[in-house]
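Quick note: the coordinates plus some simple rules give every number you see, no bench work behind them. Fair warning: this is a prediction, and the values are worked out from it, not measured in the lab. Cβ coordinates were reconstructed from backbone atoms using ideal geometry, including for glycine residues, and neighbour counts include every protein chain displayed.
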Amino acid sequence: MNPLAPIGAAVFALLAEVGRLAYFTRDALVQGLTPRIYAGQILRQLFRIGYSSLPVVGLTAFFTGGALALQIYLGSSRFNAESLVASIVALGITRELGPVLAGLMVAGRVGASIAAELGTMKVTEQIDALVTLSTNPFKYLVGPRLIAAVISLPLLVAVGDTIGIFGGYFVGTRSLDFNAYAYLKNTADFLKLDDVTSGLIKAAVFGFIIALMGCYHGFNSRGGAQGVGRATTNAVVSAAILILAANFLLTSLLFKVE
Amino acid sequence: MSVSPHILLQNVTKSFGPKPVLNGVDLAVPKGRSLVVIGGSGTGKSVLIKCILGLLRPDGGVIEVAGENAVGLKGEERDRFLARFGMLFQGAALFDSLPVWENVAFGLMQGRRMDRAKARDIAVAKLGQVGLAADVGRLYPAELSGGMQKRVALARAIAADPEIIFFDEPTTGLDPIMADVINNLIVDCVKRLGATAISITHDMASARKIADDIAMIHKGRIIWQGAAAAVDHSGNAYVEQFIHGRAEGPIQMDVLKA
């Protein structure tokens, strides 16, 4: 056998997957986001993707903010620059850790559940049944999840930013002996609107990635329980990797030093 | 036959990768007749129905419904086409997130945008037709037995008074008595609507009960077609072997071959 054959086969398989994903994305946008719009389904998904993720995102943000304050204190104290802690915590949370960690947590929580739900619907022929009942699955299932995720993620991150900064404040004032007033003033003075909005833009993109990966892997699952399990894993892993890659890309795009 | 058939298939082919599943299927079903397609597992029965519905796209051949092309329809044309059909799926394929009555009324509310109250009345009436009390409508599919799920699925398939109904293995997984109940309901519903029906099954008792005509599919081809009564003296060795369920005969099970 040609020793290069497995490499070629792997490349072809990868290209085929990229092609399938591209077609799916096109259908998701063209069919899923055009009327008819199922408002009831969007509300349901907003609740599921957004509201139900609040505890996870909040807790993640709180602990991260606290840990960040400690680490930055450690680093800045070596240069006698402890006063920077508040502003760098705020910056790190809003620009980077808030959206990325919320994205990863929601990918685990919501991406997996979307893939499992749609995957089960696929293998039990419920998606085919939708079609025979004159309902386009892209409009009924994919569209509402995409819309809800793109709306939810920025809102979640906004809440997470606040809680994360509070986490830093909590640690700063309790164990690092910062003055509460000075800490908050530092945060408010140095934080720019741009820091927050760039994080929220990232969050919207991450929301799109999470819902798209969940739907794509769900729709393409086959072969019963095992297939659905595989789809769930793939949805989370691919969403996580794409989020980190997109984060780097967006950071480079949104990065400008004044 | 002087009138053109309601459903017409000519030389329909479909492969999955290198594996041919439909190998040139020719089939004609006159309006108001009930055709049962029999054949072993993996002979392409389900694929046949999915090609007619457009859930799968055939590689070649002609499919016409009421004289109109049925392949590659899009958008509104496809919606109008699908509105002619009702389908009973093998595993019932009920939407488990919705109560029974909303399952039955789904096509009316989503597909035809009927208002809830009116759709609910029709759903209750259709549930009555399949022998289910109105209060079953409030339950969720997971709370029902397999036989009741099949009945609900049947009620859903006939809810919009389709002119064509497909039944995919309607009696699989049911005890013989429940199977007979379902068979009677199918005959009753099809007659009441005057619908054209295609059923696929390997249950001969069911086939004899619901068929006007029987066709046998083997290796992706229709190898015999005739009136239901003629199936016992078809003179076809394949049909003989199948209806008597003999292991020996021209049909070889590919048990040991990979």
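Restricting to chain B, compute how many DSSP beta bridges are antiparallel as a %, nearest 5. The antiparallel proportion sits near 55 percent. Computing FRET efficiency as 1/(1 + (r/R0)^6) for residue B:125 and residue A:63, where r is the C-beta to C-beta distance and R0 is 56 Å, gives about 0.50. For the pair residue B:221 and residue A:36, label points projected 7 Å from Cα toward Cβ lie 4.4 nm apart.
For segment A:2-107, trypsin sites (Lys or Arg not before Pro) meeting the loop criterion (DSSP other than H, G, I, E, B) and having at most 12 other Cβ atoms within 10 Å: A:36, A:78. Mean partner shielding of peptide B:83-90, defined as the number of other chain Cβ atoms within 10 Å of each residue Cβ, is 3.
Helix A:143-174 and the longest principal axis of the C-alpha atoms of chain A enclose an angle of approximately 20°.
Can you pick out the pairs among A:122/B:150; A:122/B:74; B:19/B:74; B:191/B:219 whose Cα atoms lie more than 23 Å from each other?
Going by Cα-Cα distance, B:19/B:74; B:191/B:219 fall outside the 23 Å limit.
Of the DSSP H helices in chain B, those with a Cα length along their own long axis of 24 Å or more and a mean Kyte-Doolittle hydropathy reaching -0.5 comprise B:176-193. Counted residue by residue at 0.36 nm each, then reduced by the alpha carbon distance between them, the extension gain from residue B:115 to residue B:15 reaches 31.8 nm.
Translational diffusion of the protein assembly as shown, estimated by Stokes-Einstein from the Kirkwood radius over alpha carbon pairs at 4 °C in a medium of 1.567 mPa s, is 49 µm² per second. Taking 0.36 nm per residue of sequence separation and removing the Cα-Cα distance, the residue B:175/residue B:161 pair yields an extension gain of 2.2 nm. Among the residues of A:118-129, the average count of other protein chain beta-carbon atoms within 10 Å of the residue beta-carbon is 5. The alpha carbon gyration tensor of segment A:75-126 gives principal lengths a ≥ b ≥ c with a/c of 1.5 or higher and a/b greater than b/c, which makes the shape prolate. Restriction of the trypsin sites (Lys or Arg not before Pro) in segment A:147-249 to DSSP coil positions whose beta-carbon has at most 15 other beta-carbons within 10 angstrom yields A:192, A:222. For the listed peptides B:107-116, A:103-112, a ranking on the average number of other beta carbons within 10 Å per residue, highest first, reads A:103-112, B:107-116. Label point of residue B:66 set 7 angstrom out along Cα-Cβ; within segment B:180-202, amide nitrogens under 12 Å from it belong to B:196. Quick check on chain A: take the gyration tensor over C-alpha atoms, sort the square-rooted eigenvalues as a ≥ b ≥ c, and tell me if it's rounded (a/c under 1.5), prolate or oblate. Since a/c reaches 1.5 and a/b is larger than b/c, the shape of chain A is classed as prolate. Looking at the protein assembly as shown, send over the antiparallel percent of its DSSP beta bridges, to the nearest 5. Close to 55 percent. Counting only other chain Cβ atoms within 10 Å of each residue's Cβ, the peptide B:157-169 averages 1. Treating r as the C-beta distance of residue B:230 and residue B:74 and R0 as 35 Å, the FRET efficiency rounds to 0.30. Segment B:138-158 and segment A:1-75 have Cα centres separated by 35 Å. The distance separating the Cα centre of segment B:185-258 from that of segment B:166-183 comes to 15 Å.
In this structure, residue A:253 and residue B:205 have a Cβ-Cβ separation that, at R0 = 56 Å, corresponds to a calculated FRET efficiency of about 0.25. The distance from the alpha carbon centre of segment A:201-228 to that of segment A:143-167 is 18 Å, rounded to a whole number.
Can you tell me how segment B:9-83 classifies by the Cα gyration tensor, rounded, prolate or oblate, using a/c under 1.5 as the rounded cut? In terms of gyration-tensor shape, oblate.
Taking label positions 7 Å along the Cα-Cβ direction at both residue B:143 and residue A:70, the computed distance is 5.0 nm, reported to one decimal. Residues in segment A:201-234 near a label at residue A:10, defined as backbone nitrogen under 20 Å from the 7 Å Cα→Cβ point? From segment A:201-234, the list is A:234.
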